[in-house]
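Since the structure comes first, as structure tokens, the remarks are kept for the end.
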Amino acid sequence: MPRYRLRYAKRWAARFLSHLDMVRLFERALRRAAWPVSLTGGFNRRPKMVFAAALPVGLTSTAEYVDVWVEEAIEPGGALAVLNASLPPGVEVLALAPVPEGRANLMAAVRAARYLFAWPTGGEELARRWLALERRPRWCVVRRTKKALRTIDIKPLVYEAHLARRGSSGILKLTVASGQESNVRPGEVVELLVECGEGGFPEPFCIHRLELFIERGGRLVTPLET
């Protein structure tokens, strides 16, 4: 059964759509686009799709991925154009490619994500707080599980960081753990920055996911890399 991997953007106009909203949106769009989508088994049959790591509500992204199973091979160029015509403003499929047989489940394969945090003002204060945060030996956050509250040190889960200032603005790029085994939530990083100083600190104007990474052959690659 052929499987195709789609990379899509979730832009500003769609930033408040939840993950469940996106699932329903793609189900409807695929039906309108007349893709020969395979259906799941059971009584309530649905299009067979698997999404990568869910994007928190309020964030934008140009690196969202979903695998779609079809009954027969499709022509990627034409299928992409027809699908985009069926999607609402703010959601756009950027690329699609067939997935070789035997490749791992997309959701289970995700290992890391790269985010961009942008502040239009407060770049100098951001730099001070980031330096203070880097000096901390542990970055402890509290998460609620089904049974209790857990304290987790997320500092070892931040793989790469780059801070840049342009005039009064500030941009922070982070590559962090993401996936079912371990992950860093972008909002937790913002909360830690708020703690690293006195007085108020503005929320970032936007948090944007730049890329997701999966593990293949012991290295991290993008989900569309062969």
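Contact annotation: residue pairs with Cβ atoms under 8 Å, 6 or more positions apart or on different chains, pairing a residue in the stretch 5-29 that is under 10 Å from Val91 (Cα atoms) with a partner that is crowded, with 18+ Cβ neighbours inside 10 Å and of a type in the set (Asp, Glu), are Tyr8/Glu64; Ala9/Glu64; Lys10/Glu64; Met22/Glu64. Determine if the stretch 106-117 includes at least one residue that is within 29 Å of Arg165 (Cα to Cα), surrounded by 16 or more Cβ atoms within 10 Å (Cβ to Cβ) and over 13 Å from the mean Cα position of the chain (by Cα). Within the stretch 106-117 (the criterion being within 29 Å of Arg165 (Cα to Cα), surrounded by 16 or more Cβ atoms within 10 Å (Cβ to Cβ) and over 13 Å from the mean Cα position of the chain (by Cα)), the answer is yes, since at least one residue qualifies. For the stretch 160-177, which positions are surrounded by 16 or more Cβ atoms within 10 Å (Cβ to Cβ) and under 21 Å from the mean Cα position of the chain (by Cα)? Across the stretch 160-177, the qualifying residues are Leu163, Ile171, Leu172, Lys173, Leu174, Thr175, Val176, Ala177.
Condition (residue is under 30 Å from Leu193 (Cα atoms) and not basic (Lys, Arg)) applied to the stretch 81-95: is it met by at least one residue? There is at least one residue in the stretch 81-95 that is under 30 Å from Leu193 (Cα atoms) and not basic (Lys, Arg).
Of the residues making up the stretch 189-218, those that are at pLDDT 90 or above and assigned to a strand (DSSP E or B) are Cys206, Ile207, His208, Arg209, Leu210, Glu211, Leu212, Phe213, Ile214. Of the residues making up the stretch 149-182, those that are assigned to a loop (DSSP other than H, G, I, E, B) and either at pLDDT below 95 or β-branched (Val, Ile, Thr) (or both) are Ile154, Gly167, Ser168, Gly179, Gln180, Glu181, Ser182. Filtered by the rule that a residue be closer than 13 Å to Tyr8 by Cα and either hydroxyl-bearing (Ser, Thr, Tyr) or not in a loop (DSSP other than H, G, I, E, B) (or both), the stretch 69-93 gives Leu80, Ala81, Leu83, Asn84, Val91, Glu92, Val93.
In the set (1) surrounded by fewer than 19 Cβ atoms within 10 Å (Cβ to Cβ); (2) among the β-branched types (Val, Ile, Thr); (3) touching a residue at least 60 places away in the same chain (Cβ under 8 Å); (4) in a loop (DSSP other than H, G, I, E, B), Thr62 fails one condition alone, (4).
Out of Leu96, Leu116, one residue alone is out of contact with any helix residue (DSSP H, G or I) (no Cβ under 8 Å at 6 or more places or on another chain), in a strand (DSSP E or B) and either more than 25 Å from Ile214 (Cβ to Cβ) or of a type outside the set (Gly, Ala, Ser) (or both). It is Leu116.
The values are calculated or read from the model by the stated rules, or taken from the named source; none is laboratory data. As the structure is a prediction and not an experimental result, all values here were calculated from the model. Cβ coordinates were reconstructed from backbone atoms using ideal geometry, including for glycine residues, and neighbour counts include every protein chain displayed.
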